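Encoded as structure tokens, the structure appears first; notes follow it.
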Protein chains: 2
Amino acid sequence: VEVVGYAHRAETRRKVQALDLLDSVTGDLPASVADAHMIVLATPLSSFAEIFATIADRLAPGCIVTDVGSTKMMPHRWAAQYLPKTVTYVGSHPMAGSEQQGIDFARDDLFDGATCIVTQRGRCLCQAATCITTFWQDLGCHVVAMSPARHDRLVAGVSHVPHAAAVALVNATRPDWLHCAGKGFLDTSRVASGPANVWADIFLTNAESVTTGIDRLVKELTVLRNAVARQQRTRIENLLNKARQRRATMINEKLKRKELLK
Amino acid sequence: VEVVGYAHRAETRRKVQALDLLDSVTGDLPASVADAHMIVLATPLSSFAEIFATIADRLAPGCIVTDVGSTKMMPHRWAAQYLPKTVTYVGSHPMAGSEQQGIDFARDDLFDGATCIVTQRGRCLCQAATCITTFWQDLGCHVVAMSPARHDRLVAGVSHVPHAAAVALVNATRPDWLHCAGKGFLDTSRVASGPANVWADIFLTNAESVTTGIDRLVKELTVLRNAVARQQRTRIENLLNKARQRRATMINEKLKRKELLK
């Protein structure tokens, strides 16, 4: 296997070379994909359409293109629009990474036990999907397959709405109070330190599910708020216990699947 | 120094003895406080009034009483109501601990770098407050002093509202989606695994600040939601960058104060 990298910035290419991570790295995008059997696009979503258009002419027939974008309906649409019929696009969303950006935060255990969602549109393109599934499994991921539409609804719930909650939480808190924030606040707000352009892309390419999800969150917050305002202990304890039990079930299932360590 | 423990359950007392944590441990509450110079109450808030009433007759003159409850206005009120004038009550809120409960999750580094808020009502009772401040500093805490009213407003923002957000987030997410939740969801929702009775006490004894705080959070969520619905990229990026910068400032200040490790 020969691994060829493309990076926009000369500084990034120098770091890749210094760390000896790839067989070669270039700043020439069309050249980087020539003769490739498989391509992994790992740039912000808003760059996908242009990159697909730029590489389309240079893709070898039978090539498999995937990406690591956090929404999947729009990437499938751009792939259908810009990529030639001779190549296969399969969407990937490895649910790993942190709020940090760039090669300085690379870790070789990043995918250990992470869930990776693999998406396909239309008829089953079994060979390409199997290849991509094996790729992520070899990196340590637990792979789940679904349609791009289901992916975007589901991931709005478990990732995009939590991100919106973290951002709103930080912005709703008076800055002069933050010196007393403890570990709870740090964890609850952690994802809000993620890159603004990447998350704006995610929100904008999944607007319907994100707005519906925020509406559900606001409704739940309002139910809890009203129970507190009315001093309804039983109702408050029921809401807290429901969340506690759901989270315990989720964690137990992740332990069983070895996605979490004890 | 002689350290005497009180625990309601025989099982807990057996564990304390097996771990050799204290000089002695008893199930007799009034006996446990007799002759004490300092008392630390570490039970759910809803038990404070009854415990203060039970121990009042047995407290030695000059004794200092504190607690580790997460709200402070009600404990000060109960102390004024039930404790004799010959003892001094100072409120403490060490902002440490996890979503886990009980002696099995005890850690000797729990307070390292944690913020501890110390509260006093009315005129300065300097000797008692200095004693309690030194106590928490010796355990590794960064101590901040303020009034109980300011404590309850501030902590609603950095702890109680984030808790409400975590609970609402879990309850707003379809349980069959949680198998795809990643590290972001786990961190954002972690505190929702905390004990329901303890958190119901907190919400009920800080209802005004909690409801005001949830209202602020809902307002921020709605601003972000509307920007997403209207595809306003600049507005979304501004909101995300505001949160990102505020969180970066908070973390830098914590690093400077050595409350966080690099």
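The values are calculated or read from the model by the stated rules, or taken from the named source; none is laboratory data. Only a predicted model underlies this, so the values are computations on that prediction, with no experimental measurement involved. Every residue, glycine as well, gets a Cβ built from its backbone with ideal geometry; the counts of neighbours run over all protein chains shown.
Just a yes or no: is a residue in segment B:239-257 over 20 Å from A:Ala192 (Cα atoms), part of a helix (DSSP H, G or I) and at the interface with chain A (Cβ under 7 Å from one of its Cβ atoms)? First the steps, then the outcome.
Going through segment B:239-257, the residues over 20 Å from A:Ala192 (Cα atoms) turn out to be B:256-257.
If we keep only those that are part of a helix (DSSP H, G or I) too, we end up with B:256.
From the residues that got through so far, the ones that are at the interface with chain A (Cβ under 7 Å from one of its Cβ atoms) too are none.
For segment B:239-257, residues over 20 Å from A:Ala192 (Cα atoms), part of a helix (DSSP H, G or I) and at the interface with chain A (Cβ under 7 Å from one of its Cβ atoms): absent.
Taking B:Arg233, is it farther than 30 Å from A:Asn241 by Cα, of a type outside the set (Gly, Ala, Ser) and at the interface with chain A (Cβ under 7 Å from one of its Cβ atoms)?
Yes; evaluated as a whole, the condition is true for this residue.
Identify the residue in segment B:48-75 that is surrounded by 19 or more Cβ atoms within 10 Å (Cβ to Cβ) and of a type in the set (D, E, K, R) and, among all such residues, is nearest to B:Glu2 (Cα to Cα).
Among those that are surrounded by 19 or more Cβ atoms within 10 Å (Cβ to Cβ) and of a type in the set (D, E, K, R), it is B:Asp67.
Restricting attention to strands (runs of 3 or more DSSP E) lying wholly within segment B:5-114, give those where 3 or more residues are modelled with pLDDT of 95 or more and within 23 Å of the chain's Cα centre (by Cα).
Passing ranges, in order: B:38-41, B:64-67, B:91-94.
Taking the condition assigned to a helix (DSSP H, G or I), touching a Lys or Arg at 6+ places or on another chain (Cβ under 6 Å) and more than 7 Å from chain A (Cβ to nearest Cβ), does B:His151 pass? Outline the logic, then answer.
Values: assigned to a helix (DSSP H, G or I): yes; touching a Lys or Arg at 6+ places or on another chain (Cβ under 6 Å): yes; more than 7 Å from chain A (Cβ to nearest Cβ): yes.
Answer is yes for this residue.
When only residues in segment A:66-81 that are out of contact with any Phe, Trp or Tyr (no Cβ under 9 Å at 6 or more places or on another chain) and among the aliphatic types (A, V, I, L, M) count, which is nearest to A:Ile55 (Cα to Cα)?
Looking at residues that are out of contact with any Phe, Trp or Tyr (no Cβ under 9 Å at 6 or more places or on another chain) and among the aliphatic types (A, V, I, L, M), I get A:Val68.
Scan A:Ala156, A:Ala164 and give me the residue that is touching a residue at least 24 places away in the same chain (Cβ under 8 Å), within 7 Å of chain B (Cβ to nearest Cβ) and part of a helix (DSSP H, G or I).
Of the residues listed, the single one that is touching a residue at least 24 places away in the same chain (Cβ under 8 Å), within 7 Å of chain B (Cβ to nearest Cβ) and part of a helix (DSSP H, G or I) is A:Ala164.
Only one of (1) in contact with a Pro (Cβ under 8 Å, 6 or more places away or on another chain); (2) under 24 Å from B:Ser159 (Cα atoms) fails for B:Leu59. Which number is that?
(2)
Every residue in segment B:106-120 that is within 8 Å of B:Val143 (Cα to Cα) and in contact with a Gly (Cβ under 9 Å, 6 or more places away or on another chain), please.
Selection gives B:Thr115, B:Ile117, B:Val118.
So, in segment B:1-47, exactly how many residues are crowded, with 17+ Cβ neighbours inside 10 Å and at positive phi?
Residues in segment B:1-47 being crowded, with 17+ Cβ neighbours inside 10 Å and at positive phi: 0 in total.
Within the bounds of segment A:203-226, is there any residue that is over 20 Å from B:Ala156 (Cβ atoms), among the acidic types (Asp, Glu), in contact (Cβ under 8 Å) with a residue 60 or more places away in the chain and more than 7 Å from chain B (Cβ to nearest Cβ)?
No, segment A:203-226 has no match at all.
Anything in segment B:11-31 that is touching a residue at least 40 places away in the same chain (Cβ under 8 Å) and under 23 Å from B:Ala49 (Cα atoms)? List them, or say none.
B:Thr12 - this is the single residue of segment B:11-31 that is touching a residue at least 40 places away in the same chain (Cβ under 8 Å) and under 23 Å from B:Ala49 (Cα atoms).
So that you can scan it fast, the table gives a plain yes or no per residue for (1) farther than 17 Å from B:Asp67 by Cα; (2) crowded, with 17+ Cβ neighbours inside 10 Å:
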{"residue": "B:Ser98", "(1), (2)": "yes, no"}
{"residue": "B:Arg107", "(1), (2)": "yes, no"}
{"residue": "B:Cys116", "(1), (2)": "no, yes"}
{"residue": "B:Gln137", "(1), (2)": "no, no"}
{"residue": "B:Cys141", "(1), (2)": "no, yes"}
{"residue": "B:Pro148", "(1), (2)": "no, yes"}
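Scan segment B:239-262 residue by residue and report those that are of a type in the set (S, T, N, Q), touching a helix residue (DSSP H, G or I) at 6+ places or on another chain (Cβ under 8 Å) and within 16 Å of A:Ala200 (Cα to Cα).
Residues of segment B:239-262 of a type in the set (S, T, N, Q): B:241, B:245, B:249, B:252.
With touching a helix residue (DSSP H, G or I) at 6+ places or on another chain (Cβ under 8 Å) added as a condition, the list becomes B:241, B:249.
Within segment B:239-262, B:Asn241 is the sole residue that qualifies.
For segment B:168-229, please list each of the helices (runs of 4 or more DSSP H) lying entirely inside it that holds at least 3 residues being polar (S, T, N, Q). Can you show your working first?
Details: elements: B:183-189, B:196-205, B:207-229.
Where helices (runs of 4 or more DSSP H) fall fully within segment B:168-229 and carry at least 3 residues being polar (S, T, N, Q), they are B:207-229.
Out of (1) among the hydroxyl-bearing types (Ser, Thr, Tyr); (2) within 29 Å of A:Ile236 (Cα to Cα); (3) without any contact (Cβ under 8 Å) to a residue 60 or more places away in the chain, what's the single condition that is false for B:Ser193?
(3)
Residue under question is B:Gly194, and the condition is that it be surrounded by fewer than 24 Cβ atoms within 10 Å (Cβ to Cβ) and either more than 7 Å from chain A (Cβ to nearest Cβ) or closer than 27 Å to B:Gln120 by Cα (or both); does it hold? Before the answer, list the steps.
Working: surrounded by fewer than 24 Cβ atoms within 10 Å (Cβ to Cβ): yes; either more than 7 Å from chain A (Cβ to nearest Cβ) or closer than 27 Å to B:Gln120 by Cα (or both): yes.
Taking the combined requirement at face value, the residue satisfies it.
Output the number of the condition that A:Arg174 fails; it satisfies all remaining conditions of (1) facing another protein chain (nearest Cβ under 7 Å); (2) surrounded by 20 or more Cβ atoms within 10 Å (Cβ to Cβ); (3) free of Cβ contacts under 8 Å to residues at least 24 places away in the same chain.
Of everything listed in (1) facing another protein chain (nearest Cβ under 7 Å); (2) surrounded by 20 or more Cβ atoms within 10 Å (Cβ to Cβ); (3) free of Cβ contacts under 8 Å to residues at least 24 places away in the same chain, A:Arg174 misses just condition (2).
Restricting attention to segment B:179-190, and to residues there that are without any contact (Cβ under 8 Å) to a residue 12 or more places away in the chain and touching an Asp or Glu at 6+ places or on another chain (Cβ under 8 Å), which single residue is surrounded by the most Cβ atoms within 10 Å (Cβ to Cβ)?
Once the filter is applied, the top-ranked residue is B:Asp187.
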